[in-house]
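Peer 1: One structure, as structure tokens, below. Some questions next.
Just so it is clear, none of the values below were taken in a lab; they were calculated from the coordinates. Computed from a predicted structure; not experimentally measured. Cβ placement follows ideal geometry from the backbone for every residue including glycine, while neighbour counts extend to all protein chains displayed.
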Amino acid sequence: MTILSVWKRKKSREQSKTLSARLRDDPAFVKELDFVMEKDGALIGQNMFMRTVINADDGRVIPVLTMGPIGITPEIKRHGYGKKLLDYSLEQASAMGFGAVLFEGNIGFYGKSGFDYARNFGIRYHDLPEGADDSFFLCKELIPGYLDGITGVYQTPQGYYVDDADVEAFDQDFPLKEKLKLPGQIF
Ligand SMILES: CC(C)(COP(=O)(O)OP(=O)(O)OC[C@H]1O[C@@H](n2cnc3c(N)ncnc32)[C@H](O)[C@@H]1OP(=O)(O)O)[C@@H](O)C(=O)NCCC(=O)NCCS
């Protein structure tokens, strides 16, 4: 699913196509929050979550969630399925008692589901030079006020870092596809 939804994206982002396979074996993976979406018996979408932390400036370690890859099959993008999948996923994460979700994404899509720039919560993206564009880094509180009084640095879980050699090896199992730039690609 992730392969279909992200195939056209630039190389660094294409790496996410191997992620779904790897993340499910990661200790930070939240197996209760592993979603697929079906329509007429066909798989059309997926989303998943990982545990991670904010290292607060006052020394606390704040547990949070991160999310993705989320994807909808290309033929039916922009028909509202992505938002439905996202909103349902977030409801389930909320029901499990998680306090906040932070990740990299486009405010044009995620803003519709209540995400805001993480900087507005006082949270910084790890390893980002001061003054660099951080508009990709988004946050939503699942428990209102969960991040009140907290400033700090968000850490991407190790599982999201993919080795180039692993990507190449994984790709051998799939037929070649032409790389295109289609409407609806977020990155
Ligand atoms: C991102 C993605 C999951 C969105 O799913 P979708 O079903 O196409 O989105 P929806 O139809 O639910 O969009 C809901 C609203 O979000 C906004 N939106 C959706 N895609 C957008 C985009 N590419 N850019 C800006 N806004 C966007 C729009 O306001 C849209 O409403 P509208 O179509 O009435 O204007 C899907 O396009 C996808 O799989 N993209 C490739 C993979 C990817 O980039 N994943 C995210 C990072 S891992």
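Peer 1: Label points 7 Å out from Cα along the Cβ direction at TYR81 and GLN172: separation in nm?
Peer 2: 3.2
Peer 1: Could you work out how much longer the chain between ASN120 and LYS31 gets when fully extended? Use 0.36 nm per residue separation minus the Cα distance between them, nm to one decimal. Working shown, then result.
Peer 2: Values: separation 89, 0.36 × 89 = 32.04 nm, distance 2.97 nm.
That pair, ASN120 and LYS31, stretches by 29.1 nm at full extension.
Peer 1: Provide the net charge surrounding LYS140, with neighbours chosen by a C-beta distance below 13 Å and charges set as Lys +1, Arg +1, Asp -1, Glu -1. Mind dumping the intermediate values first?
Peer 2: Working: positive: LYS112; negative: ASP87, GLU91, ASP116, GLU141.
That works out to -3.
Peer 1: With a cut-off of 8 Å between alpha carbons and a minimum separation of six or more residues, what is the relative contact order of the range 76-138 in percent? Write down the numbers at each step before the final one.
Peer 2: Numbers: 37 pairs, mean separation 23.3, N = 63.
Over the range 76-138, the number comes to 37 percent.
Peer 1: Additional query: Note down the nm distance, to one decimal, between modelled labels 7 Å out along Cα→Cβ at LEU180 and at GLN92.
Peer 2: Spacing of the two 7 Å Cα→Cβ label points: 3.0 nm.
Peer 1: Using Cα-Cα distances under 8 Å and only pairs 6 or more residues apart, what relative contact order does the range 2-159 have, in percent?
Peer 2: Details: 268 pairs, mean separation 35.9, N = 158.
RCO, the range 2-159: 23 percent.
Peer 1: Now a separate question. Tell me the net charge near ILE150. Cut-off is 9 Å between Cβ atoms, ILE150 excluded, with +1 for each Lys or Arg and -1 for each Asp or Glu. Could you put the intermediate results ahead of the total?
Peer 2: Numbers: positive: ARG60; negative: ASP57, ASP58, ASP148.
For residues surrounding ILE150, the net value is -2.
Peer 1: I've got another one for you. Gain in length, GLU38 to ASN55, computed as 0.36 nm per residue apart minus the alpha-carbon separation, to one decimal in nm? Write out the running numbers ahead of the final one.
Peer 2: Details: separation 17, 0.36 × 17 = 6.12 nm, distance 3.72 nm.
Contour length minus the Cα-Cα distance gives 2.4 nm.
Peer 1: With labels modelled as points extended 7 Å from the Cα through the Cβ direction, what inter-label distance (nm, one decimal) is found for TYR146 paired with ARG24?
Peer 2: 2.5
Peer 1: Kirkwood hydrodynamic radius for the range 49-157: how many Å is it when counted over pairs of different Cα atoms? Mind dumping the intermediate values first?
Peer 2: Values: mean 1/r = 0.0695 Å⁻¹.
Hydrodynamic radius (Kirkwood, Cα only) of the range 49-157 equals 14.4 Å.
Peer 1: Counting only residues 5 or more places away or on other chains, whose amide H sits under 5 Å from the amide H of PHE115 once H atoms are built in the peptide plane?
Peer 2: none
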